[in-house]
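Asker: Provided herewith is a single structure, encoded as structure tokens, for subsequent inquiry.
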Amino acid sequence: MSDTVFENNVVLENTVPPVEELDFAPLASTYARTLIIESSIFFTILAIIPAVINWFVADGWLLTQWWFYVLWLLLTLSPFIWAPMVAKSRGFSMREKDIHYRSGLIWKKTVSLPYNRIQHVEIESGPLERIFKLTTLKFFTAGGAMSDMKIPALEFERSSKLRAFVMEKAGVSEAEAKDAN
């Protein structure tokens with residue numbers, strides 16, 4: 001039998017520091033550019049598919065409509081307006097016992113993850129991210145195949161340092177991390 005006494009003291013709401021007061025670090029300065037390029041590629045493909053279908057099915061009627069080009073131009077140029085705002089609205093903050101990620105322009109969201117719940121940390125990089133030398137840091141807790149939190153647009157050196165720091169705080173050794181990969 002153990003002599004350990006379980007304690008679960010009451011925490012008063014007014015003593016808890018609000019998440020809004022956290023100092024969020026910005027993501028990489030090139031993040032807005034990657035969002036612009038990703039969106040431009042998406043909207044171009046989105047415009048090409050109906051145009052090609054229309055060319056073969058309706059003898060190109062859609063391609064003769066001025067509004068089609070205006071709509072395509074507006075969709076293609078819109079990322080130049082919203083991407084910098086999205087990139088600026090995202091950030092992360094680290095405290096002694098947890099890490100936080102903030103996102104959202106209209107629907108704001110803050111994900112908080114205690115280090116002691118983290119079992120695995122992964123660095124991921126897609127083709128466009130590699131061009132801009134960026135990575136996404138993914139955090140996993142028990143019981144899920146999907147990551148519980150992702151921090152995009154980090155330079156590789158920064159994400160490597162954050163990964164090592166979080167794994168140390170979480171009590172995960174490098175050997176365990178390599179076995180998980």
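Asker: Can you pull out the residues in the stretch 41-74 that are in contact with a helix residue (DSSP H, G or I) (Cβ under 6 Å, 6 or more places away or on another chain) and within 30 Å of Leu154 (Cα to Cα)?
Answerer: If the condition is that a residue be in contact with a helix residue (DSSP H, G or I) (Cβ under 6 Å, 6 or more places away or on another chain) and within 30 Å of Leu154 (Cα to Cα), then Phe43 is the only one that fits.
Asker: Of all residues in the stretch 93-119, which are in contact with a helix residue (DSSP H, G or I) (Cβ under 8 Å, 6 or more places away or on another chain), touching a residue at least 40 places away in the same chain (Cβ under 8 Å) and either hydrophobic (A, V, I, L, M, F, W, C) or buried (at least 18 other Cβ atoms within 10 Å of the Cβ) (or both)?
Answerer: Across the stretch 93-119, the qualifying residues are Met94, Ile99, His100, Arg102, Tyr115, Ile118, Gln119.
Asker: Separate question: Checking Trp67 against (1) under 24 Å from Lys109 (Cβ atoms); (2) in a helix (DSSP H, G or I), which test does it fail?
Answerer: Going through the list (1) under 24 Å from Lys109 (Cβ atoms); (2) in a helix (DSSP H, G or I), Trp67 breaks only (1).
Asker: Right, here's the next one. Glu129 - would you say it is under 17 Å from Glu38 (Cβ atoms) and surrounded by 12 or more Cβ atoms within 10 Å (Cβ to Cβ)?
Answerer: On the way: under 17 Å from Glu38 (Cβ atoms): yes; surrounded by 12 or more Cβ atoms within 10 Å (Cβ to Cβ): yes.
The answer is yes for Glu129.
Asker: If you don't mind, there's one more thing I want to ask. Considering the stretch 78-111 alone, what residues qualify as being part of a loop (DSSP other than H, G, I, E, B) and within 22 Å of Ser39 (Cα to Cα)? Steps first, answer last, please.
Answerer: As a first pass, look at the stretch 78-111 and keep what is part of a loop (DSSP other than H, G, I, E, B): 78, 90, 95-97, 104-108.
Selection gives Ser78, Arg90, Gly104, Leu105, Ile106, Trp107, Lys108.
Asker: Limited to the stretch 77-95, what total is found for residues that are of a type outside the set (Ser, Thr, Tyr) and within 15 Å of the chain's Cα centre (by Cα)?
Answerer: Step one: list which residues in the stretch 77-95 are of a type outside the set (Ser, Thr, Tyr), which gives 77, 79-88, 90-92, 94-95.
Then drop every residue that is not within 15 Å of the chain's Cα centre (by Cα), which leaves 83-88, 90-92.
Within the stretch 77-95, residues that are of a type outside the set (Ser, Thr, Tyr) and within 15 Å of the chain's Cα centre (by Cα) number 9.
Asker: Do you know which of the residues in the stretch 132-157 that are in contact (Cβ under 8 Å) with a residue 12 or more places away in the chain and over 22 Å from Gly104 (Cα atoms) is surrounded by the fewest Cβ atoms within 10 Å (Cβ to Cβ)? Give the derivation first.
Answerer: Of the stretch 132-157, the ones in contact (Cβ under 8 Å) with a residue 12 or more places away in the chain are 132-142, 147-156.
Filter again for over 22 Å from Gly104 (Cα atoms), leaving 132-133, 141-142, 156.
Details: Phe132: 17, Lys133: 12, Thr141: 16, Ala142: 9, Phe156: 14.
Applying the filter and picking the extreme gives Ala142.
The numbers here are math on the coordinates, done by the rules we state, and not lab data. Predicted model, so just to flag it, every value in this text is computed and none were measured. Positions of Cβ are backbone-derived with ideal geometry, glycine not excepted, and every protein chain shown enters the neighbour counts.
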